[in-house]
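Below is one structure; the comments refer to it alone.
The values are calculated or read from the model by the stated rules, or taken from the named source; none is laboratory data. Note that the structure is a prediction, hence the values are computed from the model and not measured. Here the Cβ is made from the backbone with ideal geometry for all residues, glycine too, and neighbour counts use every protein chain on show.
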């Protein structure tokens, strides 16, 4: 049964995910890395996704929407993963079941590849993913648009891959949400990459759970505060004057929620004015008030964030994009229509249209 939307326009999820097929890297990685290709191995009690340089997600988590309303099982067999993760026709059926007309697609397994420290191998793994993602979307280009992965341990190679992905038809690019162990993104060494993204018109995504280094032995507070990593990155870019040098650069905070942005926008403007008055803004290279960049250069995806809806005038109505996060465990599928009604049902329809369709359509070319 197909869900019917109460809204008089098609709905786009600005953040959904593939569940990559088990043989993706065996089939797509370059020959010199074939013997190291990430792959699935069967164990006595579960299948395991193997990559020789990093810990991958448990099989049970990668299509977590299966366990909606029940206990998530970390173990599992890849043969039991629903085809809607990697087959365009099956994906379309599950999208229509949820009343969703278009999706912006991110990886699942490959999100862990930012932790790979062997630079040539990491780049090869990411190139293989990007090629496969473009092939998936080519089957239904009006419904599915994918975000490339870009590995920035080698800036020149990252720029070359960004250019290749643009030619492949991928509509954005994701980098590690926080480059722990490397220079912060506001360092001048990244400027050639920001310049290339601006020149190519490619939005750059900062997705939760894509750290360059996975912190071991995390406390509950550490886990809860993951979303603050994107705040550090964005604040650093603003204060470093990155958006003054590249005024058309677009950054997307993905699956970090958005309600916090209202407070930060107001707080940064206040601190900026106070600091300028007292000559305290050492190293603050931004030419405009911080709110100028938040509302011109930064967008956000969310699933359930009533605070963001209530603060939409401060954040910017043209900066918010709803998402379903299918097929991950937090996904609103297959109840997206009721979740949307709860979150946005009392706002003007023209504003809802921007958040549910228009902003994603503009940014990604639907």
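Observations on the structure shown:
- Single residue of segment 17-38 satisfying the filter (surrounded by 15 or more Cβ atoms within 10 Å (Cβ to Cβ) and farther than 17 Å from residue 130 by Cβ) that is nearest to the chain's Cα centre (by Cα): 22
- Take the conditions (1) surrounded by fewer than 15 Cβ atoms within 10 Å (Cβ to Cβ); (2) at pLDDT below 95; (3) touching a helix residue (DSSP H, G or I) at 6+ places or on another chain (Cβ under 7 Å); residue 90 misses just one of them, which is (2).
- Applying the set (1) within 19 Å of the chain's Cα centre (by Cα); (2) under 17 Å from residue 256 (Cα atoms); (3) at pLDDT 95 or above to residue 316 leaves exactly one unmet item: (1).
- Tabulated pairs, segment 237-254, first in contact (Cβ under 8 Å) with a residue 40 or more places away in the chain and at positive phi, second surrounded by fewer than 24 Cβ atoms within 10 Å (Cβ to Cβ) and part of a loop (DSSP other than H, G, I, E, B), C-beta under 6 angstrom, 6+ apart or interchain: 241/285; 241/286
- Odd one out for residue 364 among (1) at pLDDT below 95; (2) out of contact with any helix residue (DSSP H, G or I) (no Cβ under 8 Å at 6 or more places or on another chain); (3) buried (at least 16 other Cβ atoms within 10 Å of the Cβ): (1)
- Checking each residue in segment 138-150 for being crowded, with 23+ Cβ neighbours inside 10 Å and either assigned to a loop (DSSP other than H, G, I, E, B) or more than 16 Å from the chain's Cα centre (by Cα) (or both) picks out only 150.
- Within segment 185-207, being on the phi < 0 side of the Ramachandran plot and assigned to a loop (DSSP other than H, G, I, E, B) holds for 185, 186, 187, 202, 203.
- Residue that is surrounded by 21 or more Cβ atoms within 10 Å (Cβ to Cβ) and touching a residue at least 24 places away in the same chain (Cβ under 8 Å), where the choices are 315, 347: 315
- Residue list for segment 112-131, filter: within 15 Å of residue 21 (Cα to Cα) and surrounded by fewer than 22 Cβ atoms within 10 Å (Cβ to Cβ): 131
- Members of segment 74-87 that are more than 22 Å from the chain's Cα centre (by Cα) and either without any contact (Cβ under 8 Å) to a residue 40 or more places away in the chain or loosely packed, with under 14 Cβ neighbours inside 10 Å (or both): 74, 75, 76, 77, 79, 80
- Test result for residue 357, free of Cβ contacts under 8 Å to residues at least 60 places away in the same chain and within 21 Å of residue 252 (Cα to Cα): no
- Condition check for residue 44: loosely packed, with under 14 Cβ neighbours inside 10 Å, modelled with pLDDT of 90 or more and either farther than 20 Å from residue 132 by Cβ or touching a strand residue (DSSP E or B) at 6+ places or on another chain (Cβ under 8 Å) (or both): yes
- Filter result for residue 182 (on the phi > 0 side of the Ramachandran plot, at pLDDT below 95 and not in a helix (DSSP H, G or I)): no
- Selection count, segment 232-246, where residues are surrounded by fewer than 17 Cβ atoms within 10 Å (Cβ to Cβ) and touching a strand residue (DSSP E or B) at 6+ places or on another chain (Cβ under 9 Å): 0
- Hey, residue 71 surrounded by fewer than 20 Cβ atoms within 10 Å (Cβ to Cβ), without any contact (Cβ under 8 Å) to a residue 60 or more places away in the chain and under 20 Å from residue 45 (Cα atoms) or not: yes
- Count of segment 207-227 residues which are surrounded by 13 or more Cβ atoms within 10 Å (Cβ to Cβ) and either in contact with a helix residue (DSSP H, G or I) (Cβ under 9 Å, 6 or more places away or on another chain) or at pLDDT 95 or above (or both): 9
- Single condition residue 214 does not satisfy, out of (1) assigned to a loop (DSSP other than H, G, I, E, B); (2) touching a residue at least 40 places away in the same chain (Cβ under 8 Å); (3) within 19 Å of the chain's Cα centre (by Cα); (4) closer than 30 Å to residue 366 by Cβ: (4)
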